[in-house]
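Engineer: This is the structure I want to talk about, given as structure tokens.
Taken together, the values in this text are just the output of simple stated rules run on the coordinates, not laboratory data. Only a predicted model underlies this, so the values are computations on that prediction, with no experimental measurement involved. Backbone-built Cβ (ideal geometry, glycine too); neighbour counts: all protein chains shown.
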Amino acid sequence: MTVGASHINKPFYIGGVRLPNRLVQAPMAGVSGRAFRLQARRHGAGLTSTEMVSSYGVHYRNTRTLGMLALGAAERPVAVQLFGSDPGVMAAAAAVAESAGADIIDINMGCPVRKVIKTGAGVALMEDERLAARIVAGVAAAVSAPVTAKIRSGARSRITALSLAPRLEEAGAAAICIHPRLGDAGSKDRADHSVTKEIVDMVGIPVIASGDVRAPANAADLLKAGCAAVMAARAALGNPWLFADLLAERQPHPRPPAEVLGEMRLFYAGLVDEAGPELAGRAMRKFYGWYLRPFRPPAALRDGLRRAADFEEAAGLIRSLLL
């Protein structure tokens, strides 16, 4: 069932970067590796994004951090999301990310995880608007790629996005992504997209809306409100078909188990290519539950997947207990 035409399939620009549609894959820590980005692209995402990358990790040439900047042509256009609180370190890391192939540099101002905010990074930047603007200005001066910022409504009990967004635009941000929840609310409350609409009305740069984008109607409402694009996040975990459903403006629906298993195999192959068989096998363990969630897998299958030595053993369990 279609929900009515929107302009989600129309291209748009962030700075000088042309995006083929208005659907963005969210940066998610521990999730948005290369295999996930390629999957999102295969299902239609117009812009992919890395998980957040430590600017200090880049600065100190940490091997694992630099590995997160291994970008391929098939995932482009791609944004690299950086986090940190030192304008000089952030600017230098952005230059490294651009040289690695980043089409867009995104600055994380929304992560509420304690180990991030205690360094002054993530959503803590929303409590220091002057520093947040200095970081955007410094990064924008260091790279030719467009610079964007992903923010929340605010860090704690007070909405600060409405004062911060214009300052970031003035500092050189080419777009703003807003996840309209407070940092200390996590994902418990519904996203308050009245905040999103207020930001759309006060800035002249594209606004990307994140939060509760689960169906074409959600996307259509946000685009009609003036957002340039929407971002698919947790709803796409184990459900990459969400990207295609949003673009086709059809109601998302569970795929048959055999199709899900086939998609899991493709994703696992991407993980092997990215990290090797051992790490790919470990990484798959957190994805099994997301993929199989619509089927309410029995306890025997859940327990078996936790103990499975490799993907082939896991696939055999799924075939015997679910298909």
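Engineer: Ignoring everything except DSSP H segments at least 4 long, calculate the 222 nm mean residue ellipticity for the chain; use -39,500 (n - 2.57) per segment, divide by total residues, nearest 500.
Structural biologist: That calculation yields -13000 deg cm²/dmol at 222 nm.
Engineer: Next question, about the same structure. Which net charge results when you count Lys and Arg as +1 and Asp and Glu as -1 among the other residues whose beta-carbon is under 13 Å from that of residue 219?
Structural biologist: In short, +1.
Engineer: Can you work out the Karplus-derived ³J(HN,Hα) for every residue in segment 134-142? Use 6.51 cos²θ - 1.76 cosθ + 1.60 with θ = phi - 60°, whole Hz, and x for glycine or proline.
Structural biologist: The phi angles translate into 4, 5, 4, 5, x, 5, 4, 6, 8 Hz.
Engineer: Then there's this: Please state the charge dipole magnitude for the chain, taken about the Cα centre, from unit charges on C-beta atoms (+1 on K and R, -1 on D and E), reported in debye and rounded to the nearest 20.
Structural biologist: About 640 debye.
Engineer: Would you mind calculating the gained length between residue 62 and residue 189 on full extension (0.36 nm times residue separation, minus the Cα-Cα distance), in nm to one decimal?
Structural biologist: Value of the extension gain: 42.1 nm.
Engineer: Considering lysine pairs in the chain that are 8 or more places apart or on different chains, how many have Cα atoms under 26 Å apart?
Structural biologist: Step by step, the pairs that qualify in the chain add up to 16.
Engineer: In whole Hz, what ³J(HN,Hα) sequence does segment 168-182 give by Karplus (6.51, -1.76, 1.60; θ = phi - 60°), x for Gly and Pro?
Structural biologist: Those phi angles translate into 5, 4, 4, 6, x, 5, 8, 6, 10, 9, 10, 10, x, 10, 6 Hz.
Engineer: For segment 235-245, just list the computed ³J(HN,Hα) in residue order, Karplus coefficients 6.51, -1.76 and 1.60, θ = phi - 60°, integers in Hz, with x standing in for Gly and Pro.
Structural biologist: 5, 8, 5, x, 9, x, 5, 4, 4, 5, 5
Engineer: Measure nothing fancy, just the Cα-based angle from helix 193-202's long axis to the longest principal axis of the chain, in degrees from 0 to 90, nearest 10.
Structural biologist: 40 degrees
Engineer: If we sort 300-310, 54-64 on the protection proxy, mean other Cβ atoms within 10 Å, highest first, what's the order?
Structural biologist: Peptide ranking by packing, descending: 54-64, 300-310.
Engineer: A follow-up question, please. Mind checking which of 87, 240, 294 has the largest fluctuation in a GNM of the chain, springs on alpha carbons under 10 Å?
Structural biologist: Maximum among the listed residues: 294.
Engineer: Once you put a point 7 Å from the Cα of residue 309 and another 7 Å from the Cα of residue 278, both along the Cβ direction, what distance in nm separates them?
Structural biologist: Rounded to a tenth, the inter-label distance reads 1.6 nm.
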